[in-house]
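To start, the structure itself, in structure tokens.
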Amino acid sequence: MNSILTNRPALAYQVGQVAEVAGYLWQKGWAERNGGNITVNITEYVDDALRALPALSEIKPIGTTLPHLKGCYFFCKGTNRRMRDLARWPMDNGSVIRILDDCASYVIIADKEVQPTSELPSHLSVHNHLIAKGSPYKASLHTHPIELIAMTHSKKYLEKDVATNLLWSMIPETKAFCPRGVGIIPYELPSSVKLADATIAALDDYDVAMWEKHGVFAIDTDIMAAFDQVDVLNKSALIYIAAKNMGFEPDGMTREQMRELTVAFHLPK
Ligand code: 13P
Ligand code: ZN
């Protein structure tokens, strides 16, 4: 079977990273059935031969108009596809799409006609916003981390920055490696444009947003880095729960310890 990854090592590496992360999501129990999705802006790896590839699909609407995505290419997990299958066979469970010149529609170009994730409006809206801002971020991850989702079932943790400060205070690495913390997005219907709009707004201030009673949405330079941010946050949630299960409220790092860490690691306030 011909694949666009053949003789394109840089593109193959990016898709390989997606597959590796998909495997981790499954191993962590964050990816039941088809849960979660990944998109990566791969435009920089697209050569003339790829640009000339004919569409495999009919023209499909995105559901919104995204002016900065004209001529961009994305690798996307397929809708209803399992992360555990994406891990082993990325080009059978994901596809590459081309955004058309109207900035409101796309076609699938490779390797197979795999329909992109139902969360495409959120993912593409975020990529559009990142390009508009001149951000180096190229990857978006939506996943269902059990303990972080559990926290969003309590009003207490939906207050601005309450979850961020609690999670940061569990172990120094969390603020060091997720320095912008977590934004909170009140419940919206999965795959809706309203959810997409709320996600963009939150990601101006945070790299990770928690979708109430649903999951998290994380962005970073590449997919491994986006995964790492969610992983350190969920580790903190697990430490919190472990302490509670031992029968006490964890003390958390003190304000002074947090201040010292912020200065030493040159972290944002
Ligand atoms: P997809 O299978 O369409 O990617 O949806 C999974 C999901 O987590 C929706 O929020
Ligand atoms: Zn989801």
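The values are calculated or read from the model by the stated rules, or taken from the named source; none is laboratory data. Remember, it's a predicted structure, so these values are computed and weren't measured experimentally. Cβ sites come from the backbone with ideal geometry, for glycine too, and all protein chains shown count toward neighbours.
Considering the stretch 28-125, the qualifying strands (runs of 3 or more DSSP E), each wholly inside and each with 3 or more residues that are touching a Lys or Arg at 6+ places or on another chain (Cβ under 8 Å), run over 37-41, 94-99, 105-110.
From the list 114, 126, the lone residue that is within 13 Å of ligand 1 (Cβ to nearest atom) and either modelled with pLDDT under 95 or under 23 Å from residue 21 (Cβ atoms) (or both) is 114. Quick one: which of 226, 209, 237 is away from ligand 2 (no atom under 16 Å from the Cβ) and either surrounded by fewer than 22 Cβ atoms within 10 Å (Cβ to Cβ) or hydrophobic (A, V, I, L, M, F, W, C) (or both)? Criteria check complete, one pass: 237. Taking the criterion of being surrounded by fewer than 21 Cβ atoms within 10 Å (Cβ to Cβ) and in contact with a helix residue (DSSP H, G or I) (Cβ under 6 Å, 6 or more places away or on another chain), the residues of the stretch 73-102 that qualify are 84, 85, 87. In the stretch 35-60, the residues that are free of Cβ contacts under 8 Å to residues at least 40 places away in the same chain reach residues that are part of a loop (DSSP other than H, G, I, E, B) and of a type outside the set (Gly, Ala, Ser) with C-beta atoms within less than 7 angstrom, at least six apart or across chains, in these pairs: 43/72; 45/8. Within the stretch 211-242, can you find the residues that are of a type in the set (D, E, K, R) and out of contact with any Leu (no Cβ under 7 Å at 6 or more places or on another chain)? Passing the criteria: 213, 220, 222, 228, 231, 235.
Suppose we keep only residues that are within 27 Å of residue 128 (Cα to Cα) and surrounded by 22 or more Cβ atoms within 10 Å (Cβ to Cβ) within the stretch 141-151. Which one would you say is farthest from ligand 1 (Cβ to nearest atom)? Checked the stretch 141-151; the qualifying residue farthest from ligand 1 (Cβ to nearest atom) is 148.
Count, please, the residues in the stretch 163-180 that happen to be surrounded by fewer than 22 Cβ atoms within 10 Å (Cβ to Cβ) and either among the β-branched types (Val, Ile, Thr) or at positive phi (or both). So the answer is 1.
Within the stretch 123-172, the set of residues being under 16 Å from residue 227 (Cα atoms) and out of contact with any helix residue (DSSP H, G or I) (no Cβ under 6 Å at 6 or more places or on another chain) comprises 123, 138, 142, 144, 146, 149.
Would you point out which residue out of 138, 156 is at pLDDT 95 or above, surrounded by fewer than 15 Cβ atoms within 10 Å (Cβ to Cβ) and away from ligand 2 (no atom under 16 Å from the Cβ)? Result of the check over 138, 156: 156.
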